[in-house]
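A short reminder: the numbers here are calculations on the coordinates, not readings from a lab. Here the structure is a predicted model, which is why all the values come from computation and not from measurement. All Cβ positions, even for glycine, are placed from backbone atoms using ideal geometry, and neighbour counts span all protein chains on display.
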Amino acid sequence: MTPIRPLLIALLISAIALPTSPLASAQPVAQASTTTTSTAQVKNSYPHAKESIGKVREIYDGTLSPAIAVNTFRNIDRLFPSHRILKSAKPKALPVAAKSISEFYFIDRGRRVSLEQYLEWNQVAGLLILKDGQIHLEKYRYGNSAQTRWMSMSIAKSITSTLIGAAIKQGKIQRLDDLVIKYIPELKDSAYQQATIRDVLMMSSGVRWNEAYSDPRSDRRKLLEAQIAQQAGSSMRVMAGLPQAFVPGSRFNYSTGETQVAAQLLRNAIGMSLSAYLQERIWSKYGMEADATWWLDAPNGVEIGGSGFSATLRDYGRFGLFMLGGGLAAKELILPTAWTYEAGTPKRLRQGDFIPYGYLWWPVNSEQGFQDGAYMAIGIHGQYLYLNPRNNIVIVVWGAQVKPTGGAVVDDQAFFAAVSAQLAENKATK
């Protein structure tokens, strides 16, 4: 692919607002696990297992109290049946840098903001900054620790996209321009009949979708209700019933529904659960130090491709390092050559227009961001996985904001840019 000129792209898409991403809301139901470890053993080993939590609908409605929101966000595997992704036998070390970040100030929209103000005002529950694979800052708040698993929200979308890349590398998926219905025949009479996998990864299938999180009538909430029902096939029935709004590949429309289609086609292509595939191809090979969990749409069903993944702060950081390394794990290239570049750069629609999106990743929409090749996975309630390939930086942010969107007082991207600039400057002055 020809490199995209930063200034041209900035001009084309700077007027498009960057939305944040989605999560869930319902009655708690029993947990499922793919491991042989009993539920009692798992609960006894997790420091937050006995905390009171809220309900899934309350998460999306934004009606949890701040304290119950924190408890719920670190216990989401208690809300739905979940698969467990087992930790690696050989965890990858994350050494602490000789010089860490302590006092730090940056400018956000003309306002001078300190590190502590950023953490407090944006209700940050955990923060990890890695440079060259070393920890420059690791911060836990609200009773969290290195053992805490925190929800990803739409960061899960980017994990799903990465697994599709792994399946292409193994030949389990032929190519991105395959029709979706090749892998999900039940959608052959739906609005997805002419959509390709690439269209789905770019959220440009042309299928109508309303992403409003707190509106119980929205398509996003209908998909959530299907998940709450925990009936096999209910998610695909929701997607099959949607009408076509645009020609496939002609319009970008942010849709969590696209990621459930992506999860289903991936599940059908690989012949195993997404959790098992993640464990086999990435989690065990790259050296993740703790188990992770992932929601299912039904008992023994398909993972929720757009949310419901939960992991430790350092393991999110390791996933970021895996991406910065081009998908190399245990001396094996897990992803196709240049996949990480393709996934994290702005894409063109079929008629040639650029969109502010990659393959379920968000390119950083600024001149410096494009120069650095920076891109992000973003989840509602303040979740971020920021990657800066040029400067070899990973930043993980856990948000505890009660409202799905609009809870940030400080622009997170201003913080990421300032951290990147400082760490790049520190390296240059050595």
Legend entry - Most fluctuating residue given options GLU303, GLU332, GLU225, as computed from a GNM of the chain linking Cα atoms under 10 Å: GLU332
Legend entry - Unit charges at the beta carbon, dipole of the chain: most positive-side option, VAL410, LEU94, MET202: LEU94
Legend entry - Two-site label geometry, ALA338 and GLN170: point separation in nm, points 7 Å out along Cα→Cβ: 2.5 nm
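Scale the Cα Rg of segment 165-249 by the rule-of-thumb value 2.2 N^0.38 Å and send over the ratio, two decimals.
Here the Cα radius of gyration is 1.16 times the empirical estimate.
Mind giving me the FRET efficiency for ASP353 and GLU225? R0 is 30 Å, r the Cβ-Cβ distance, nearest 0.05 is fine. Intermediate results must be reported in sequence, preceding the final value.
Values: r = 34 Å, r/R0 = 1.13.
For ASP353 and GLU225, the calculated efficiency is 0.35.
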Legend entry - the chain, dipole about Cα centre (Lys/Arg Cβ +1, Asp/Glu Cβ -1), debye to the nearest 20: 520 debye
Legend entry - Cβ crowding within 10 Å averaged over residues, with 387-397, 113-123, 153-163, 346-356 ranked highest first: 153-163, 387-397, 113-123, 346-356
Legend entry - Relative exposure of HIS48, HIS381, HIS136, judged by other C-beta atoms within 10 Å (fewest first): HIS48, HIS136, HIS381
Legend entry - Using θ = phi - 60° and Karplus 6.51 cos²θ - 1.76 cosθ + 1.60, couplings along segment 413-426 (whole Hz; Gly, Pro as x): 5, 5, 5, 4, 5, 5, 4, 4, 5, 5, 5, 5, 5, 4
Inset, instruction - Using the Kirkwood radius over Cα pairs, work out the Stokes-Einstein diffusion coefficient for the chain at 20 °C and 1.002 mPa s, in µm²/s as a whole number. - result: 100 µm²/s
Inset, instruction - First select every other residue whose beta carbon is under 11 angstrom from the beta carbon of SER273; then total the charges, Lys and Arg +1, Asp and Glu -1. - result: 0
Legend entry - Residue-averaged 222 nm ellipticity for the chain, from DSSP H runs of 4+ at -39500 (n - 2.57), nearest 500: -9000 deg cm²/dmol
Inset, instruction - Please say if segment 313-411 is rounded, prolate or oblate, where rounded means a/c under 1.5 for a ≥ b ≥ c the square roots of the C-alpha gyration tensor eigenvalues, and otherwise the choice is prolate for a/b larger than b/c and oblate otherwise? - result: oblate
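Do any of LYS92/LYS331; LYS139/LYS285; LYS285/LYS331; LYS55/LYS403; LYS99/LYS131; LYS87/LYS285 go past 19 Å between their Cα atoms, and which?
Table pairs above 19 Å Cα-Cα are LYS139/LYS285.
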Inset, instruction - Using only the alpha carbons of segment 245-333, determine the length spanned along each of the three principal axes and report them from longest to shortest in whole angstroms. - result: 43, 32, 25
Legend entry - Karplus-derived HN-Hα couplings along segment 218-225 (A = 6.51, B = -1.76, C = 1.60, θ = phi - 60°), whole Hz, x at Gly and Pro: 6, 5, 4, 6, 5, 5, 4, 4
Inset, instruction - May I ask you to sort PHE106, PHE322, PHE309 by Cβ crowding, counting other Cβ atoms within 10 Å and putting the fewest first? - result: PHE106, PHE322, PHE309
Inset, instruction - Enumerate the calculated ³J(HN,Hα) couplings along segment 64-80 in order (Karplus 6.51 cos²θ - 1.76 cosθ + 1.60, θ = phi - 60°), each rounded to whole Hz, writing x wherever the residue is Gly or Pro. - result: 6, 5, x, 5, 6, 4, 4, 4, 5, 5, 9, 9, 5, 5, 8, 8, 9
Inset, instruction - Quick one: order ARG237, ARG112 by neighbouring beta-carbon count within 10 Å, fewest to most. - result: ARG112, ARG237
Legend entry - Extended-chain gain in nm, criterion 0.36 nm per residue less alpha-carbon gap, ALA146 and TYR254: 35.6 nm
Inset, instruction - Show which lysines lie in cross-link reach of LYS182 when reach means a straight Cα distance below 28 angstrom and same-chain residues fewer than eight apart are skipped. - result: LYS157, LYS169, LYS172, LYS222, LYS347
Inset, instruction - Could you work out which residue, out of ARG281, ARG217, ARG149, moves most in a Gaussian network model of the chain, that is, has the largest mean-square fluctuation with Cα springs under 10 Å? - result: ARG217
